[in-house]
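Report on the following structure.
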Amino acid sequence: MISVLRPKTTKELFEILDKEDKNYLFLAGGTDIMPSIKKGIEKREDLIDLSFLKKGFSGVYRDKTNIIVKSLTTFAKIQKDELLNKHFPSFIKASKLIGGYTIQGMATIAGNIVNASPAADSLPSLLTLNAKVTLLSSNGERIIELKDFYKGYKNLEIKNNEIISNIIIPTSDYQADFIEVGTRKAMSITKVSLAYAYKDKNIFLSAGSAFAYPKRLFATEKRFFEKDLTKKDFEIILKEDVSPLDDIRSSGNYRFNVLRNLVFSLYQELQK
Amino acid sequence: MNKIKVSFKVNNKDYEIETTPLRRLLDILREDLKLMGTKEGCGEGECGACSVLIDGELSLACITPATQLEGKEILTIEGISDKDGEPSYIQKAFIDKGAVQCGFCTPGFVMATHKYIKDGGSNDETKIKEALSGNFCRCTGYAKIVDGVKEAIVRHNDKEAK
């Protein structure tokens, strides 16, 4: 039987989490959870509604070296935020591809992170920007790199008594962008995407819908500035990083070929 | 499922209901409050037919659970009609520009348009399309809906100028 707990304060939330070691389902924007429960995909029955905590965990601010996005900030708020627009236009571009206008007004950044979809639009961009997440529990905070947060398909580096409180994005002078391939602009789920950030001979790469979980393309990054690489070379290199799946939106083979072409075009562009 | 009590406003009227926490706002509106203007299209947050405003934000009633309604102010298509149930200027502009065919998606589009104009939206076609990007129409091909929105903006500006 489904039960929904409704903590009114952070203190109440941690009392619930510390009482029993249980894999609670956190209800934030609800844009993934509500359809998943309806379709029977989501089987967990113990929910915690975070809507009473929304005010405290919403907003964007900066410290000396980072822009910090609180976990329950919606993508609509993210898109309007001046700091994020100024420092991370590639992330703004990616966040505009999430669902449509209605979904963006409800869906939260931490929801996109913990849902851990290989096709999540905001994650490749956040990975190339070297984002970190703050995990909060009654014992305090720990900060973990987003690239270390994913361990397998929907398998996350987070304990049952922790919630995500912040997403920390370090400011940098890297050039970053995001390319998406899909069937239409709004309300579509990405077939494949590529995010990158580079400066001189350093590059960070990440691809969407290319692996069981969002990840950086470390093997490709390492060899990216070698001279005279061919499309065939990238085919071999990329195989170390990704293995896209077949699903209703696309075949794995198609995704792989498109991604290889995107990476190779970028390589040619940056060799100039 | 455990039952909860939630208090909220719909179209400026106070309600307190007892229901299960994951019951959809869409069902509360249609079944309990008998406000049938909000439609169920896909039922999973894809099509925008059930769009309403919650605390001023365009939201989907089919994926909004009762537990998240505490203290919220909800505006539905019934709430934007002028007094005595006269269609609002947006609805009239849609009718005049042929933006309504079967009409099932129309309440959602009208709510999205209301939100866009309320936020000071301009006549820029790209911006209008972005604002309507969460709403699907299977009849019109969208061109006439965009015309309807542009017409509504003109009428809104005329009204403001007076």
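The values are calculated or read from the model by the stated rules, or taken from the named source; none is laboratory data. Note that the coordinates shown come from a computational prediction; the quantities given were computed from them, not determined experimentally. Keep in mind that these areas ignore ligands, DNA and RNA; they rest on the heavy atoms of the full protein, side chains included. Shrake-Rupley method; radii C 1.70, N 1.55, O 1.52, S 1.80 Å.
Taking a threshold of 29 Å on the Cα-Cα distance, which of the pairs B:34/B:118; B:5/B:92; A:147/B:118; A:231/B:129; B:3/B:118; B:118/B:162 fall above it? Intermediate results must be reported in sequence, preceding the final value.
Details: B:34/B:118 26 Å; B:5/B:92 38 Å; A:147/B:118 40 Å; A:231/B:129 38 Å; B:3/B:118 36 Å; B:118/B:162 17 Å.
Over 29 Å Cα-Cα: B:5/B:92; A:147/B:118; A:231/B:129; B:3/B:118.
Assuming a ≥ b ≥ c are the square roots of the Cα gyration tensor eigenvalues, decide whether the protein assembly as shown counts as rounded (a/c under 1.5), prolate (otherwise, with a/b larger than b/c) or oblate. Intermediate results must be reported in sequence, preceding the final value.
Working: a/c = 1.96, a/b = 1.33, b/c = 1.47.
Oblate, because a/c is 1.5 or more while a/b does not exceed b/c.
Working with all protein chains in place, sort B:81, A:138, A:206 by solvent-accessible area computed with a 1.4 Å probe, largest first. Write out the running numbers ahead of the final one.
Working: B:81 35, A:138 65, A:206 0 Å².
Output order, biggest surface exposure first: A:138, B:81, A:206.
Provide the per residue accessible area, probe 1.4 Å, for segment A:62-138, rounded to a whole number of square angstrom.
Working: 2380 Å² over 77 residues.
On a per-residue basis, segment A:62-138 sits at 31 Å².
Counting only the heavy atoms of the protein chains, how much of residue A:191 is accessible to a 1.4 Å probe, in Å² to the nearest 10?
Approximately 40 Å² of residue A:191 is accessible to the 1.4 Å probe.
Of the residues A:154, A:132, A:201, which exhibits the maximal mean-square fluctuation in a Gaussian network model of chain A defined by a 10 Å Cα contact cut-off?
Checking each option, the largest mean-square fluctuation is seen for A:201.
Checking the table A:19/A:151; A:54/B:9; A:55/A:215; A:86/A:132; A:22/A:151; A:159/A:215 against a 24 Å threshold on Cα-Cα, which pairs fail? Don't skip to the end; give the middle numbers.
Values: A:19/A:151 26 Å; A:54/B:9 19 Å; A:55/A:215 31 Å; A:86/A:132 19 Å; A:22/A:151 20 Å; A:159/A:215 20 Å.
Exceeds cut-off: A:19/A:151; A:55/A:215.
Pairing the Cα long axis of helix B:143-161 with the longest principal axis of chain B, what angle in degrees results, from 0 to 90 and rounded to the nearest 10?
90
Can you list the residues in segment B:125-140 whose accessible area drops by at least 20 Å² when all protein chains are present, compared with the chain alone? Use a 1.4 Å probe, heavy atoms only.
Those residues are B:130, B:131, B:133, B:134, B:136.
Can you tell me, using C-alpha contacts under 8 Å and at least 6 residues apart, the relative contact order of chain A as a whole percent?
Working: 511 pairs, mean separation 41.9, N = 272.
So the answer I get is 15 percent.
Within straight cross-link reach of residue A:227, meaning Cα distance under 19 Å, which lysines are found once same-chain residues fewer than 8 apart are removed?
Answer for residue A:227, where 19 Å is the Cα cut-off: A:199, A:201, A:272, listed by chain and number.
How big is the A-B contact in terms of buried accessible area, both chains counted, 1.4 Å probe, rounded to the nearest 100 Å²? All intermediate terms of the calculation are to be shown ahead of the outcome.
On the way: alone 13870 and 8640 Å², together 20030 Å².
Looking at A and B, the buried total is near 2500 Å².
Which residues of segment B:38-65 end up with at least 50 Å² less accessible area in the presence of all protein chains than when their chain stands alone, using a 1.4 Å probe?
B:44, B:57, B:58, B:63
Could you please tell me the mean projected area of the C-alpha convex hull for segment B:83-161, averaged over all directions and given in square nanometres to one decimal? Write out the running numbers ahead of the final one.
Details: hull surface 20.4 nm².
Over all viewing directions, segment B:83-161 projects a mean Cα-hull area of 5.1 nm².
For segment A:175-271, calculate the relative contact order in percent as a whole number, restricting contacts to Cα pairs under 8 Å that are 6 or more residues apart.
Working: 142 pairs, mean separation 21.9, N = 97.
It comes to 23 percent, rounded to a whole number.
Kyte-Doolittle mean at least 0.0 and Cα extent at least 20 Å along the axis: which DSSP H helices of chain A qualify?
none
Which value, in Å² and to the nearest 10, is the accessible area of residue A:254 when all protein chains are kept and the probe is 1.4 Å?
Its accessible surface works out to 100 Å², give or take rounding.
Do you know the relative contact order of chain B, to the nearest whole percent, from alpha carbon pairs under 8 angstrom that are 6+ apart? Please list the in-between numbers first.
Details: 275 pairs, mean separation 37.3, N = 162.
That works out to 23 percent.
Under 5 Å between amide hydrogens, which residues at least 5 positions from residue A:247 or on another chain qualify, with H placed 1.01 Å from N in the peptide plane?
Under 5 Å from the amide H of residue A:247: A:252.
Per the helix-only calculation at 222 nm, which mean residue ellipticity applies to chain B, given -39500 (n - 2.57) for every DSSP H run of n ≥ 4 and division by its residues, nearest 500 deg cm²/dmol? The partial results should precede the final answer.
Numbers: 5 runs with 51 residues, N = 162.
After summing the helix terms and dividing by the residues of chain B, the value is -9500 deg cm²/dmol.
Once you sort the root eigenvalues of the Cα gyration tensor of segment A:139-257 as a ≥ b ≥ c, which label holds: rounded (a/c under 1.5), prolate (a/b larger than b/c) or oblate (the other case)? Write down the numbers at each step before the final one.
Working: a/c = 1.77, a/b = 1.27, b/c = 1.39.
Oblate is the answer for segment A:139-257, as a/c is 1.5 or above yet b/c matches or exceeds a/b.
Got a number for carbon plus sulfur as a percent of the protein assembly as shown's accessible area, 1.4 Å probe? The partial results should precede the final answer.
Values: 9890 of 20030 Å².
Percent of accessible area from carbon and sulfur atoms in the protein assembly as shown: 49.
Given the rule -39500 (n - 2.57) for each run of at least 4 DSSP H residues, summed and divided by the residues of chain A, what is its mean residue ellipticity at 222 nm, to the nearest 500 deg cm²/dmol?
Helix contribution divided over all residues of chain A: -9500 deg cm²/dmol.
At a probe radius of 1.4 Å, what is the per-residue accessible area of residue A:246, in Å² to the nearest 10?
Counting only protein heavy atoms, residue A:246 exposes about 120 Å² to solvent.
Can you tell me which aspartates and glutamates have their Cα less than 12 Å from the Cα of residue A:77? Leave out same-chain residues fewer than eight positions away.
B:57
Pick from B:134, B:148, B:85: which is most flexible by mean-square fluctuation in a GNM of chain B where alpha carbon atoms under 10 Å apart are linked?
So, out of B:134, B:148, B:85, the one fluctuating most is B:85.
Hey, can you find the accessible area per residue of segment B:1-154 for me, probe 1.4 Å, expressed in square angstrom? Could you put the intermediate results ahead of the total?
Working: 6620 Å² over 154 residues.
I get 43 Å² per residue for this part.
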